[in-house]
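Step one of this worksheet: look at the structure below.
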Amino acid sequence: MSLLELSNVTAGYGPTPVLFDISMQINKGELACLLGRNGVGKTTLLRSIIGLNSLTKGSIIFDADDISKMPTFKRAKYGIAYIPQGREIIPYLSVLDNLKLGMAASGKKSKKIPEEIFDFFPMLKEHLSRQGGLLSGGQQQQLAIARGLMSNPKLMLLDEPTEGIQPSIVQEIEDTLKRINKEKEITVLVIEQKIDFARQLAEKFFMMEKGVIVAQGETEELTDSLVNQYLAV
Ligand SMILES: Nc1ncnc2c1ncn2[C@@H]1O[C@H](COP(=O)(O)OP(=O)(O)O)[C@@H](O)[C@H]1O
Ligand SMILES: [Mg+2]
């Protein structure tokens, strides 16, 4: 069953369109990756789904509701978590307070961090009182994902979660994303530049070029020729 359905989505910055008539569908429980060269509109697509870019045309259906005109905070409450590029945690707040911010996004009031957060990210438990900005890049990324998880989302959107992160933690993030998808049944759409990582992680892929989806399918169908055509520089 479809969880997210974009129909003819056109969006951009001011009068300049960046996305052209994008139609795509993600089913409940899927783990999909969004691929494409720099500047093709991947980030803009995620921003449009969470409402940071408004549509000039088209619609977005999420969990059977039309969210096309909903403000961002409401989309978050509806169950979409957005983990932007560059692990935007609050550097001067503690790890604990950063996590609590994630809870606030869902509108839920609870004081306690669910134990499952530490089951997915054991490292965070050891650093709860530390300032977020003092964590390593990989740890900050894990905190950003954990914060997204705190809102109990149905859909997680992640923008290049492994960018600039040391290989050992890249693997950890991949494993954790897979677990979150399988165990929590959270649908995931992740932008990823590392093609090997994307192939291991995702079951579905969408390939973008100049603001349109040019190929999509099962990750097994992501052939080297597609990669060479649309990703190689
Ligand atoms: N804040 C912005 N204002 C104007 N143009 C932007 C802005 N952000 C991105 N763009 C333009 O939109 C296009 C797509 O960018 P982006 O969605 O960031 O691509 P990607 O994530 O695939 O690298 C690029 O041409 C970029 O220059
Ligand atoms: Mg981007």
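The values are calculated or read from the model by the stated rules, or taken from the named source; none is laboratory data. Fair warning: this is a prediction, and the values are worked out from it, not measured in the lab. Methodologically, a virtual Cβ is constructed for each residue, glycine included, from the backbone with ideal geometry; neighbour enumeration extends over all protein chains shown. We work out accessible area using only protein heavy atoms, side chains counted, and drop any ligands, DNA or RNA first. Shrake-Rupley method; radii C 1.70, N 1.55, O 1.52, S 1.80 Å.
How much of the pair distance distribution for region 108-233 lies past 25 Å, counting alpha-carbon pairs only, in percent? If you can, show how the numbers build up before the last one.
Details: 2417 of 7875 pairs.
For region 108-233, the fraction of Cα-Cα distances above 25 Å is 31 percent.
Which percent of the accessible area of region 73-153 is formed by carbon and sulfur heavy atoms (probe 1.4 angstrom)?
Values: 2120 of 3900 Å².
Here carbon and sulfur together make up 54 percent of the probe-accessible area.
Quote the accessible area belonging to R130 in square angstrom, nearest 10, computed with a 1.4 Å probe and with ligands, DNA and RNA left uncounted.
Roll a 1.4 Å probe over it and R130 shows about 90 Å².
Let me check I've understood the local charge: for S168, count other residues with C-beta under 13 angstrom from its C-beta, Lys and Arg +1, Asp and Glu -1. What total comes out?
Details: positive: none; negative: E172, E174, D175.
So the surrounding residues net to -3.
Considering all alpha-carbon pairs of the chain, what whole percent are spaced by more than 33 angstrom?
Tail of P(r) above 33 Å: 14 percent of Cα pairs.
For L93, enumerate residues with amide H under 5 Å from its amide H, sequence gap 5+ or separate chain, H modeled in the peptide plane.
When sequence neighbours closer than 5 places are left aside, the close amide H contacts are G132, G133.
Rounded to the nearest 10 degrees, what's the angle between the helix 167-183 long axis and the longest principal axis of the chain, both from Cα atoms, 0 to 90?
Tilt of helix 167-183: around 80 degrees.
Can you bin every Cα-Cα distance in region 64-124 into 10 Å intervals starting at zero and give me the percent of pairs per bin, rounded to whole numbers?
Once binned at 10 Å, the Cα pair distances of region 64-124 give 18, 46, 28, 7.
Give me, ordered by chain and number, the residues 5 or more places off I213 or on other chains with an amide H under 5 Å from its own placed amide H.
Those lying under 5 Å, H to H, from I213 are S23.
Calculate, axis by axis, the spread of Cα positions in region 1-138 along the three principal axes, and write the results as whole Å, longest axis first.
Per principal axis, max minus min of the Cα coordinates gives 46, 31, 25 Å.
Note the angle between two axes, namely the Cα long axis of helix 137-149 and the longest principal axis of the Cα atoms of the chain, as a number of degrees from 0 to 90, rounded to the nearest 10.
Tilt relative to the chain: about 80 degrees.
Over region 74-138, what is the mean sequence separation of C-alpha contacts under 8 Å (at least six apart), divided by residue count, expressed as relative contact order in percent? Walk me through the intermediate numbers first.
Details: 46 pairs, mean separation 30.0, N = 65.
With pairs under 8 Å counted, the relative contact order is 46 percent.
What do you get for Rg/Rh of region 1-82 when both radii come from the Cα atoms and Rh is the Kirkwood radius? Numbers along the way, then the final one.
On the way: Rg = 12.1 Å, Rh = 12.9 Å.
My calculation of the ratio gives 0.94.
Solvent-accessible area per residue for region 1-132 at a 1.4 Å probe radius, Å²?
Numbers: 6490 Å² over 132 residues.
Here the per-residue accessible area is 49 Å².
Taking K57 as the anchor, which aspartates and glutamates have their alpha carbon closer than 18 Å to its alpha carbon, excluding any fewer than eight residues away along the same chain?
Correct list for K57: E5, D21, D65, D66.
Enumerate the whole-percent occupancy of each 5 Å bin, from 0 to the last occupied one, for all C-alpha pair distances of region 121-162.
Reading upward from the zero bin: 5, 21, 32, 22, 14, 5, 0.
Taking θ as phi - 60°, what are the ³J(HN,Hα) couplings along region 211-222 by the Karplus curve (6.51, -1.76, 1.60), each to the nearest whole Hz, with x for Gly and Pro?
For region 211-222, the Karplus-derived couplings read x, 10, 7, 9, 7, 7, x, 6, 4, 4, 8, 7 Hz, x marking Gly and Pro.
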